[in-house]
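Since every read-out is calculated from the coordinates, none of them should be taken as a lab result. Remember, it's a predicted structure, so these values are computed and weren't measured experimentally. Positions of Cβ are backbone-derived with ideal geometry, glycine not excepted, and every protein chain shown enters the neighbour counts.
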Amino acid sequence: MNIKEHLSSLDKAGNLRRLPQIIQDGKWVIREDMRMLNLSSNDYLGLASGSDLQQEFLDICPKRDLRFSSSSSRLLTGNFPICEELEEMLSTAFGKEAALLFNSGYHANTGILPALSDKSTLIVADKLVHASLIDGMLLGSATFRRFPHQDLVRLEKILEAEASQYEKVFVVVESVYSMDGDVTDLRRLVELKSKYPNVMLYVDEAHAIGVRGKNGLGIAEEQDCIAGIDLLVGTFGKALASMGAYVACTKEIREYLVNTMRPLIFSTALPPFQWAWTAFVFSRLKDFSERRDKLSSNSSYLASALNGMGGEMSESHIVPLMVGDSAECIIRAEYLQRKGFYCMPVRPPTVPKGTSRIRFSLTANVEREELEALVDIVKTSLV
Ligand SMILES: *Cc1c(COP(=O)(O)O)cnc(C)c1O
């Protein structure tokens, strides 16, 4: 691989990435003195950028948790009381036997599957699962297959043909997909799974935790099927305005992961202060239904306004505007940015070739009038 040539070919194809130099101010992003509405953030409930919650937390955070490094992995000295308290909160909220914390969703997804699988394991994943899950599959020794996005008929065919040849099978999906914004029929997956004694269901709720469900517990809560999901994974870095991740599972799986999961064993745990903030936000989740409702009505508005342009794919707060060509996508995104909307072009390899798109990621701090202005500008940019 020639680094210089590779970079230049990325640049020519309009796929060269750069770290944006921006300053954030509440729901705004400022770049070179231009103020733009942030439509690229995962701060879905608006808790990280625009609420008094942080001050409230600082006022009550016990001295015990005011420590900014855990100084080791949880298996050595990094297992502070707050870690187990947060796990207890999670397992109680989800009605599961146990929960286990991780430093990030990336740690969770690259660590859980390799730990739980071997050569007699089959992993069957949706074609569009997050890169962290793909990396997890590549790190392990299981066989893996992917089914076309949301094609549960194809999934069933794979299970019918192959499940019995393996000791254990993991079906791996996300509940809300980050590029199309569509929602998975978890109930149907639970039903399907129950026909096979050796199939376990792994669901990543990164984009749905905090945002969906009456108490903000995700799509599994909304579809009333938490109990049927064997490995319920979520992250704290998006709607929960923090950092880290969890899996809700059985006690036995938790114990097995503690003994075998490399990113858990060989990485310094997040600091007590971070877990305490996460626990604080998580304990408040059920109080944010107003924010969830606003996000949901704004999302349906934008999706229907962009119907036929990508909006029709969305069933969530992530709404794509399809462009196709990467270079064109960059031009369109830059135009919207000049008009005051900070939105990003999403290009290969994040999405399949020829499906470059602008991705609007809504938060509860965005107002309807702002979206109406956005829609007007999208429409004028088309002519
Ligand atoms: C963001 C995301 C992750 C990674 O989580 P981090 O905590 O940011 O590492 C994993 N899975 C999905 C589906 C995600 O969207």
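General remarks:
- Filtered residue count, the stretch 82-123, keeping only those that are touching a residue at least 60 places away in the same chain (Cβ under 8 Å) and either among the acidic types (D, E) or assigned to a strand (DSSP E or B) (or both): 8
- Residue within the stretch 134-144 that is crowded, with 22+ Cβ neighbours inside 10 Å and within 16 Å of the ligand (Cβ to nearest atom) present: yes
- Test: residue in the stretch 249-268 that is buried (at least 20 other Cβ atoms within 10 Å of the Cβ), of a type outside the set (D, E), more than 20 Å from L113 (Cα to Cα) and within 19 Å of the chain's Cα centre (by Cα): no
- One residue stands out in the stretch 162-188 among those that are within 30 Å of L302 (Cβ to Cβ) and of a type in the set (G, A, S): the one that is nearest to the ligand (Cβ to nearest atom), namely S178.
- Among the numbered conditions (1) under 21 Å from K27 (Cβ atoms); (2) surrounded by 15 or more Cβ atoms within 10 Å (Cβ to Cβ); (3) small (G, A, S), the only one that A279 does not meet is (1).
- The listed residue being in contact with a strand residue (DSSP E or B) (Cβ under 6 Å, 6 or more places away or on another chain), closer than 22 Å to G181 by Cα and among the aliphatic types (A, V, I, L, M), out of L240, L232, L257, L217: L232
- Matching residues in the stretch 352-383 - criterion: being under 26 Å from the mean Cα position of the chain (by Cα), in a loop (DSSP other than H, G, I, E, B) and surrounded by fewer than 21 Cβ atoms within 10 Å (Cβ to Cβ): P352, K353, G354, T355, E367
- Enumeration of residues in the stretch 217-237 that are within 14 Å of the ligand (Cβ to nearest atom) and either surrounded by fewer than 24 Cβ atoms within 10 Å (Cβ to Cβ) or not in a helix (DSSP H, G or I) (or both): G218, L231, L232, V233, G234, T235, F236, G237
- Complete set of residues in the stretch 41-57 that are farther than 13 Å from N365 by Cβ and either small (G, A, S) or touching a Phe, Trp or Tyr at 6+ places or on another chain (Cβ under 6 Å) (or both): F57
- Scan of the stretch 238-272 for residues that are in contact with a helix residue (DSSP H, G or I) (Cβ under 8 Å, 6 or more places away or on another chain), within 16 Å of the ligand (Cβ to nearest atom) and more than 18 Å from S283 (Cβ to Cβ), ordered by number: V247, M261, R262, P263, L264, S267, A269
- Residue check for T77: among the hydroxyl-bearing types (S, T, Y) and either within 30 Å of E290 (Cα to Cα) or in contact (Cβ under 8 Å) with a residue 12 or more places away in the chain (or both): no
- Counting the residues of the stretch 189-216 that are within 16 Å of the ligand (Cβ to nearest atom) and either acidic (D, E) or part of a loop (DSSP other than H, G, I, E, B) (or both) gives 9.
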